[in-house]
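For reference, the structure is listed below as structure tokens.
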Amino acid sequence: MKNLLILLLGCTLAPVYGSTPEAPATITQQCKNEASALFESIQTTLHEEIQNCIKTGELSEKEVPVVQEHIDAYLQAARKAYSAQLAFALYSLSPLLQQDEKLYHKTLSAFQKLLIECYTADFEVIAQNSVIVSNVEYCNRVEANRFADAISVRGGHWDFFGRGGLNAYAQAREFQIKQFELKRQYLYALLAPSDAEGIDPDIITDATNGSWLSSYEFLSCTPLRTVPNNYQTERATLFIEAEKCWEEYIHSAKCMQAPLPRYHGTGTGQFQDIIRMQLVALHEQIYFTRIMATLAGN
């Protein structure tokens, strides 16, 4: 979170070129409708799971409000993150609305499909690890991080259940987070002005900084005939704001693992951290990778 705040504070002004057209109301409403359908479907599934838990005696009527509070917090955070990511995309794509309307709609559609894929995959992880969900089909989309796994394996060799194993798990997690942050840094550096603060010059060289894409729409990697005022600064800021909302979302999502105090124990924190790390991995391998590769060809 500290790195995100540094990036937000570090955005500098880009050259002034022109104004940014807003997306038509029909487009924004369609985007909102797709998001509503996705999260209402998740909410319906979770409501059915609660009813099943009541029938089987795993959950009492008195406990339902506590569980529902966690569900509401998770879905509210998910909607907020989705909206922030969509705001980033709508702004980034806005110059294309007049330049190439067909490409605009094609890329926006691909981005919406990407978001739906991301939140669907996330929910499968949450459902697989939650004590209140049992009837949701799970497709393991989390790719193994072989180097991080190797760190954990080495710790297990010398002390699987003790400090060695715990330290190795912490080291593996730290490695994954640093790798994740590096990829986010690369995306930010390509989106932002080349002199923006928060960009590590030892990592982001002249070959990869945003000066090469200052007049390009990022999601479709399309050269723009007219570049809006402060375009690089604004799109980079919206990207980081969306990442902040996403961080808040995964914090709420991991609490779905054990939404009742009676399920809490010494292993609760680690079980919740497993969810968090799986969501981080999915965000990296699906969201980051897809938008880096561009969406114009999808």
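The values are calculated or read from the model by the stated rules, or taken from the named source; none is laboratory data. What you see is a predicted model; the values in this text were computed from it and never measured. Glycine gets a Cβ as well: all are built from the backbone with ideal geometry, and neighbour counts include every protein chain shown. The accessibility values were calculated without ligands, DNA or RNA, using every heavy atom of the protein model including side chains. Shrake-Rupley method; radii C 1.70, N 1.55, O 1.52, S 1.80 Å.
Table for the structure above
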| read-out | value |
| --- | --- |
| Among the residues listed as Glu63, Glu69, Glu40, Glu58, the single one being under 25 Å from Val131 (Cα atoms) and not in a helix (DSSP H, G or I) | Glu58 |
| Within the range 168-192, tally of residues that are over 21 Å from Val142 (Cβ atoms) and of a type in the set (A, V, I, L, M) | 4 |
| The range 196-229 - residue that is over 25 Å from the mean Cα position of the chain (by Cα) and of a type in the set (S, T, N, Q) and, of those, most open to solvent (accessible area, probe 1.4 Å) | Thr226 |
| Test result for Phe111, in a helix (DSSP H, G or I), of a type outside the set (Asp, Glu) and either closer than 29 Å to Pro259 by Cβ or free of Cβ contacts under 8 Å to residues at least 12 places away in the same chain (or both) | no |
| Count of the range 38-61 residues which are touching a residue at least 40 places away in the same chain (Cβ under 8 Å) and open to solvent by less than 50 Å² (accessible area, probe 1.4 Å) | 9 |
| Subset tally (residues that are closer than 14 Å to Ala296 by Cβ and charged (D, E, K, R)) for the range 77-100 | 1 |
| Which numbered condition Pro193 fails, given (1) modelled with pLDDT under 90; (2) more than 26 Å from Arg146 (Cα to Cα); (3) open to solvent by 40 Å² or more (accessible area, probe 1.4 Å); (4) part of a loop (DSSP other than H, G, I, E, B) | (3) |
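Table: residues versus (1) out of contact with any Gly (no Cβ under 9 Å at 6 or more places or on another chain); (2) assigned to a loop (DSSP other than H, G, I, E, B); (3) within 25 Å of Ala296 (Cβ to Cβ).
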| residue | (1), (2), (3) |
| --- | --- |
| Arg184 | yes, no, yes |
| Tyr188 | no, no, yes |
| Ile199 | no, yes, no |
| Ile203 | yes, yes, no |
| Ser211 | yes, no, yes |
| Pro228 | no, yes, yes |
